[in-house]
Amino acid sequence: MNTTTAAHSSAGKLLAFRWDNWRLALLATLIGVPLSAFVLPNFAAVVATCILGGLLVITSVVYSWTRHVGGLLVAPAIAVLVVMNIFPLLWSLGLSFYNYRADRQSLSFIGLRNYERLLSDPVVWERLTTTATLVVLTVAVQMVVGFLFALLFSKQFPLRRYLLILVLTPMMLSYVAVGAFFRYYYDPTFGLVSQVVNMFTDEPFVLISSTGGAIAAIVIADAWMWAPFVMLLVLAGLVSVPKHLYEAASIDRVPAWRRFWSITFPYVKGLLMLALLFRTIEAFKLFDVVFILTDGGQSTETIALYVYRQAIQFNKTSYSASLSYILLFTVIVLTNLYLYLANRRTKEG
Amino acid sequence: MNRTSKLLTTLVVAGGMGLSFSAPSYAEEITLRMAVPDWPPTRIMKKLFDENYEAKSGNSVNLEFDFIPWPDYYTRLNASLTSGEQKYNMAVSDSQWLGAFIEGGYYRKLNDLIDADPELKTILDGMHQAPLQAYGTYPYKSENIYGFPQMPDILITYARTDVLCEASEQAAFMAKYSTKLPCTPEELDQMDWTMYGNIGEFFQRKKGDMLAGEPATDDFYGIAYQAGKGYDFSSMQINGFTWQHGAGIWDETNIPNAQAEGVVNSDLAVVALDRYLSLLKYMPPVVKTGSMDIFKTDELFREGKIAMNVQWIGFAESAINPETSKVANDVAFASMPGLRKADGRIDRSSNIGGQPFVIMTWTEGQEIIEAVDFVKWWLSSDIQHQFAAAGGQSAIKAVYNDPKYVTYRPWNRTWASGLEWQRDVWHIPQFFELLVQQQEQFDLAITGKQDAKTTLGNIASFQQRLLEDAGLIQ
C-alpha cells in the first residue's frame, strides 16, 4: 500500500459513520461546541453541546466495549473527577489571567498582571507569614499531643474504649461548631477559662487581647479538634509493633528512651509523616476557626480568610483565583517535599 | 323540530355563546420569591402577608420567603445574584450593597414604576427623606430610586431602670458627680457622651460589690456600644461620633471632587475617634478582643451585665421578652446620647440602620405588577401600623406621627425625633473594600495597637488610593 492510499484509508476511517467512530464524534464536538456557542442562541447551544457530548460518550463506550473494558469501568470515576475537579481547576486557572469580577459582566485578558500584583502586595505576604506561623504552631502541637495520646491509648486501662471515643469526638464536629464553642470558652465575661482564672486573680481573663493570645487561642482550638486525627494514625502504627521486640528489649534491659527510638518510632514514622502531610495541608487552609474566633483581628488573618474576602466579599473573582493558584502551588511544593523526605528515609531504612 | 324544542335549542346555544363570551378569565397563580434575613422584622412581614394579603388583580399571589441566617445573608444573596440563577424576585438588602448590586445589573430601577403609579408616588412622598434616601437612592441622595424600607432602624439607648433608679445608686452618683443619675426615659433623653462616660465610670463593680442595694452576683459594667471588628460593627457607631464632632467621612454625594485625605483624617475626626475610644475602658473586657459586636452587647445587656447599651431598635423586642432577657421588666428606652454643643443643644447625628427591600431586574410581566402591588400593600398605612404594633418601625410620616404609634412599643417614643439625625455610609460598589479596611484599622485602635491619628491616617490614604483608582476622586 503506498502513502496516498494509506492516507485515503485513514481519512475514510475517520469520516465513516459508525457507532464506534469516537474520533469523528470528538472532531464534531471540538468543532461543533465552540461553533454553537458563537452561532446559536444560549439554549440551543446548550442542547447542541449536550447532543455532541452524548454522541462522544456513546461512540467511546461502543468502541471500548470489547477493546478496553478496564478503561470503560474506570471511565465514570474519571468523568466525575473531570467534571467536579479538573474542569473547575482549569476554568479558574483561565480566569486568573482575566480581570473578571463575579458581580460584573465585563471580561478582559490581562495576562499575568494578577500574579504580578499579588506577589508584590505586602498584605499578601503578611497574610502568608501569619498562615505559616499558625501552620508551624498548630501542626507541632497536634503532632506532640496526638503522639502522646496514641502512646497513652496503646496501653490497656479501665474505661479506655469510652475515653477513646470522647477524645475522638472533636474530630467529628464541624469547624463552625468548634469555633463557636471556643468563642464562648474564651469569652472574658461568660467563658469558662475566664471564670476559673477569675477565682484566683479576681480579674477577668482576656486571652484574645493580644496577637500572641489570639494565636494561642486558635492553635488550642485547632489542636483540640485535630490532635485526635494524629493520634488515630499513630495508634495504627503502634499496635502493629511486634510484641516480641519489646520482650527482647526488656530482657536486654534496653532503656525506655532507646526502646522507643529503636523499636517504636521506626514503626510509626511513616504514619507520622502522613499525619504531618495531611495536617500541614489542612492547616494551610485554616479558615473557619479563625473566622469565628477573631475574624482575622489581632493580626491573625490567614491567607484563606484573605482569599474569602477577595472572592466573596469583594467579588474579585480573577484576583482570588490567582491567589488560590499560588496557594495550590505552595501546597504542592510542600507535599512533594514531604514525599521526597519520606521516600529518602524509606530507602535509607 | 317543534317550536318548544327550537326555543330550547336557541336558549341553549345562546346561553352557551353567552357563557363563552362572558366566562371570567381564570385567576393566574403567581409565585414571587424573596430573600430575607431570618429575624423578627421579616418573620412579622411573612405573618402579615399570610394573614392579610389579597392581590388587587384577583390573581393568586404566593410570596415565598427564603429565610437566611444573618451571618450568611450577604454571602448567600451575593452568590445567588452573581451566579445568574435569578432565583429571587425581591430581596431585603443592606443599603450599603445598593451600588454593587445595581452596577451588577441585579436591582431594578423603580422610577418608571413610581412615575406610572400615583398611589405609589403618594406613599413615597409621605416618607421621611432620611430612610428614603438611605434605602432607596443610588447614587446616594440622587433621584434614582431602587428600594423601599422593609425595617427602618436607628441606634437608641437601652437602660436598666432597676439599677439606675435605685436610691443608693442615685445618692452615690449625686455625691460623686453633683448631678442626678438619669433614670426615667425623659432624663435619659438628655444624656450626652460625658454623662454616658460618667455612668460607665460609676458602674465598675466587682462580683460581691454592692449594686443597687445588693451584692453583685458577677462583675458589672456601666456602658457598652458596638466595637467589633466584624462587618460594620464599629463603623456604625464611630460615624455618629465623627458627624457629631463636625468631621466627615468621604462624601459620595460630591463625586469626583470629594477627597478622603484631609477629610477622613481631619483634626476633628481624630478628636471624634479619640472620644469614642476613651469610653471603651468602662466597657466589659470583651471589648479588648475586638469581638464586642452588636450581638455581644445585646447578650451582655440581656444577661444583666451592663447598665446601658447603645443598640439598634431591632434588638429591643428580645430585651423586653422574659424568655430571652433576664432584665425584661426593668428596661427603659431613650434617644442615643450625643455631643453637647456650646449652646447646650445635643447633636445626635448617627448612622442609619435597617434595611430596604428591592426588586430584581428579571422580575417582569405580571410578576412586576404583583411585586409593585405588594410594595404598596406593605407601605400602606394599615399594614405599617400593624407592623409597628408587632415590633417593627415605619418610615411613613403619617404612620409614626399618629398618636397611637408611641403606644405600640416603649422605644417608639424615640423614633420620630431620632429619624431627624440619620445619615448613611457609602453606597458605592467599592463599599466592602472600604469597610473591611476601615474595620481592620478601627480594630487596631479599639484593641490598643495604634492611636486615633495613625488609624485615620491609614484609612484616609487607603480610601484616597482606592477611590482614585476607581475614578471616584480626581
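Bear in mind these aren't lab numbers, they're just calculated from the coordinates by the rules spelled out. These numbers were taken from a predicted model, which means no experiment stands behind them. Cβ placement follows ideal geometry from the backbone for every residue including glycine, while neighbour counts extend to all protein chains displayed.
Unpartnered cysteines of the protein assembly as shown (Cβ-Cβ under 4.7 Å counts as a partner)?
Singleton cysteines: A:50.
So what are the protein assembly as shown's ellipsoid semi-axes, whole angstrom, largest first, if each one is the square root of 5 times an eigenvalue of the alpha-carbon gyration tensor?
The equivalent ellipsoid of the protein assembly as shown has semi-axes of 51, 47, 27 Å.
Under the rule that an exposed site lies in a DSSP loop and has at most 16 other Cβ atoms within 10 Å, name the longest stretch of chain A with no trypsin sites (Lys or Arg not before Pro) of that kind, not counting the sites themselves.
Counting only loop sites that pass the neighbour cut-off, the longest clear stretch is A:156-252.
Give the lysines whose C-alpha is closer than 16 Å to that of residue A:243, dropping any in the same chain fewer than 8 places away, or say none.
Here the lysines satisfying the reach criterion relative to residue A:243 are A:155.
Taking every pair of Cα atoms in the range B:219-366, average 1/r, invert it to obtain the Kirkwood radius, and report Rg/Rh to two decimals.
Taking Rh as the inverse mean 1/r over Cα pairs, Rg/Rh reads 1.05.
How big is the range A:116-348 by Rg and Dmax over its Cα atoms, in Å?
Cα radius of gyration and Dmax of the range A:116-348 are 20.8, 67 Å respectively.
Taking the Cα centre of each part, how many Å lie between the range B:385-453 and the range A:199-235?
Measuring centre to centre over Cα atoms gives 37 Å.
Please report, to two decimal places, log10 I(q)/I(0) for the range B:207-300 at q = 0.14, 0.25, 0.26 Å⁻¹ as given by the Debye formula with identical point scatterers on the Cα atoms and no solvent.
The Cα Debye sum returns log10 ratios of -0.63, -1.21, -1.25.
In the range A:82-187, which chymotrypsin sites (Phe, Trp or Tyr not before Pro) are in a loop and have at most 10 other Cβ atoms within 10 Å, using DSSP for the loop call?
none
I'd like the distance between the alpha-carbon centres of the range A:280-349 and the range B:263-317, rounded to an integer number of Å.
The distance from the Cα centre of the range A:280-349 to that of the range B:263-317 comes to 34 Å.
Looking at the square roots a ≥ b ≥ c of the eigenvalues of the Cα gyration tensor of the range B:420-474, which shape do they give, rounded for a/c under 1.5, prolate if a/b is larger than b/c, or oblate?
Oblate, because a/c is 1.5 or more while a/b does not exceed b/c.
Take the range B:135-224, drop everything but the C-alpha atoms, weight them equally and run the Debye formula without solvent; then report log10 I(q)/I(0) at 0.12, 0.15, 0.23 Å⁻¹ to two decimals.
-0.50, -0.63, -1.18
Which three extents, in angstrom, do the Cα atoms of chain B have along their principal axes, listed largest first?
112, 56, 39
Given the protein assembly as shown, what percent of its DSSP beta bridges are antiparallel, to the nearest 5?
If we restrict to bridges inside the protein assembly as shown, about 65 percent are antiparallel.
What is the antiparallel percent of DSSP beta bridges lying wholly in chain B, to the nearest 5?
65
On a 0 to 90 degree scale, rounded to 10, what angle separates helix A:69-81 from the longest Cα axis of chain A?
Helix A:69-81 sits roughly 70 degrees off the main axis of chain A.
Could you point to the residue in A:87, B:225, B:151 farthest towards the positive end of the protein assembly as shown's charge dipole, with +1 and -1 charges on the Cβ of Lys/Arg and Asp/Glu respectively?
Projecting each Cα onto the dipole axis, the largest value belongs to A:87.
Restricting things to alpha carbons, find the Rg to Rh ratio for the range A:15-111 using the Kirkwood radius for Rh.
Result: Rg/Rh = 1.06.
Cα centroid distance between the range B:143-221 and the range A:84-111, in Å?
53
Please label the shape of the range A:82-134 as rounded, prolate or oblate, based on the square roots a ≥ b ≥ c of the eigenvalues of the alpha-carbon gyration tensor (a/c under 1.5 means rounded; beyond that, a/b larger than b/c means prolate, else oblate).
oblate
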